[in-house]
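Notes for the one structure printed next.
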Amino acid sequence: MPLTGGKDKSLFRRRTRMKEEEEAIAILVNVPVTEEERETDVLNSSCNENEVTSVRHWSEVVCSPWEFVKSFLQWFAVMREAFGGPFLGVVMVVYGVSQGYAETMKRLATNYYWRDVQKMQPASTQVLMALSTIPWDIKPIYGLITDTFPIAGYRRWPYLAICGIIGCLCLWALSFFELVPWMATLLMAGVAMCTAFPDVVTDATVAQQSKTIPKFASDLQSLSWGSMAVGGLFGCGVSGAAVHELGPQSSYLLVSIAPLMLIVAALALPESRSPKTVLRIQFGALMHTLRLFGKTLRDPTLWRPALYIYLSQGSLCPDISEAMFFWLTDPEAGPGFSEEFMGFVNAVGYLAMFIGIVGYNHWFRCQTFRKMFLWSQVTSSFIGLLDIIIVCRMNLRMHIPDRAFVLGDQALTDAISKIQLMPMLVLSSQLCPIGIEGTVFAFLMSVSNFGSTSGTWLGALLLKWLHIQRDDYSRLWLAVLIRSLMRLSPLFFIFLVPDCTVENIRPLNISLTNDLELEESTKDIMPFNKVSVHELDE
């Protein structure tokens, strides 16, 4: 019978609200609500079947912004009790501040630094920027260093602190001194290394904590990527105004906030000191991992997709993004966009990447890898051709304003790039053999990064060949055409990608040692990746 009295109705509403909050917290911490518990609650609340809510997703339980904030705070309190506030602070600083806020802020400041301070040509800018990003191409080496060569018995916080100090010094040098181009490139490479190294260290720490409390593994991934997204959007929002008001060099002072916070986070990171016997075992585990890794690379199941990832990420596809940036911000030859608008364009691109992720998870994740790579490459080529419209100013004849066209083009480009990236991440995670998953995943990500670097160098050669300079963009449309058509060239190698879905791909089977002591030691050097196989599938 339904409840009728005023007191009973109030009691029923209070019990129902408490039940919804318990189910929301249970979902957030991955604790399932059993059917027996639900039936007991139904009897205790004396309500009919239609008035009892089943276990639902967080977004379905939370109905208002206030309830959303309250549920988030409850979830964060549970996470803090499980892992401790200092550890969560390190995660948010490394991913949210260093990689989210600082990277977006630094990207825009660096573009204007090369254009306005160093007075570089587009081709030369691309070469120097590619050189400064090389530290991102060797991430597996950082993981091997931290796990094999601890400092005073500690393998995490000393490296974070050292990277924070070096990162601050590099950024301050860029801010206060007039530097020759090669010295500026070296300092930017130092900043990149001091961002990539903490990324690897924190990846390993997150993976270790996930193995300690497996039910919170997905929550740590959500905190990592959520922090990066929020920090990136904030960086996009302030970068344009900062560069406009302070100039490119002074903007690096705002970027230095990230390494300063990294120093504080490193000192707060909880870590136990490793005994000397464990350190000796670690070196043996390193050699064992390298032997398994070499054996893995000889398997066609791995090297064939790795080769395609390298080719598709840019080694066959020239990148002319710096020439487009120079032209878009040129008030005479191009639209002459302001710093604030270019920062807003980056923010729109960030939001479009989320749309790409949602699109992949809802519509494309069940497609075969070969089909996904095929159609994403074709779509990327078509979207690239749209740049010819604005370069030749045809959009004005079609009564489409420059700002509207660029925003739409950027949104489409970033959404498609994320749809391209997701199957690559899924495929990479599925190809990792048991025992050295982190090392192989980091290797595949480095292959992808180096492919992008190669594409930047190839684009610089294309710009040099076409004589595209700051005062002559007459052949920019031809560079756009060549770049877009060359994006189809990786399709000649599409046969390297397995023609199967994520459910039926055959993982590598590399035999591991039976030495239990070595097996235990290898557990500490495996986790370099941020995204687990199961998380990407879901």
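Let me know the Kirkwood hydrodynamic radius for the stretch 145-206, please, with Cα pairs as the basis and the value in Å to one decimal.
12.5 Å
Can you classify the stretch 63-183 as rounded, prolate or oblate using the Cα gyration tensor, where a ≥ b ≥ c are the square roots of its eigenvalues, rounded means a/c under 1.5, and otherwise it's prolate if a/b beats b/c and oblate if not?
Note, shape of the stretch 63-183 comes out oblate.
Students often check this: by mean Cβ neighbours within 10 Å, which of 447-460, 87-100 ranks highest, and how do the rest follow?
Output ranking for 447-460, 87-100: 87-100, 447-460.
Based on the alpha-carbon gyration tensor of the stretch 115-228 and its eigenvalue square roots a ≥ b ≥ c, which shape applies: rounded if a/c is under 1.5, prolate if not and a/b is larger than b/c, or oblate?
prolate
Quick check: net charge around E332, other residues with Cβ under 11 Å of its Cβ, Lys/Arg +1 and Asp/Glu -1?
Net of charged neighbours comes to -1.
What is the sum of charges around H244, taking Lys and Arg as +1, Asp and Glu as -1, for the other residues whose C-beta is under 12 Å from the C-beta of H244?
That works out to -4.
May I ask you to give the percent of accessible area on the stretch 223-269 that is carbon plus sulfur, with a probe radius of 1.4 Å?
Carbon and sulfur together cover 78 percent of it.
Could you look at the stretch 81-157 and say what percent of its accessible area is carbon and sulfur, using a 1.4 Å probe and all protein chains?
The value for the stretch 81-157 is 67 percent carbon and sulfur by accessible area.
If I histogram all Cα-Cα distances within the stretch 446-501 using bins 10 Å wide from 0, what percent of pairs lands in each bin?
Once binned at 10 Å, the Cα pair distances of the stretch 446-501 give 19, 40, 27, 11, 3.
Starting from the amide H of C500, placed 1.01 Å from N in the peptide plane, find each other amide H under 5 Å away whose residue is 5 or more places distant or on another chain.
F369, R370
Regarding the stretch 105-149, what is the average projected area of its C-alpha convex hull, in nm²?
4.1 nm²
Among 316-327, 158-169, 296-307, how do they line up from the highest to the lowest mean number of other beta-carbon atoms within 10 Å?
316-327, 158-169, 296-307
The values are calculated or read from the model by the stated rules, or taken from the named source; none is laboratory data. Worth saying up front: this structure is predicted, and the values here are computed from it rather than measured. A quick note on method: Cβ atoms are made from the backbone with ideal geometry, for glycine too, and the neighbour counts reach across all protein chains shown. The accessibility values were calculated without ligands, DNA or RNA, using every heavy atom of the protein model including side chains. Shrake-Rupley method; radii C 1.70, N 1.55, O 1.52, S 1.80 Å.
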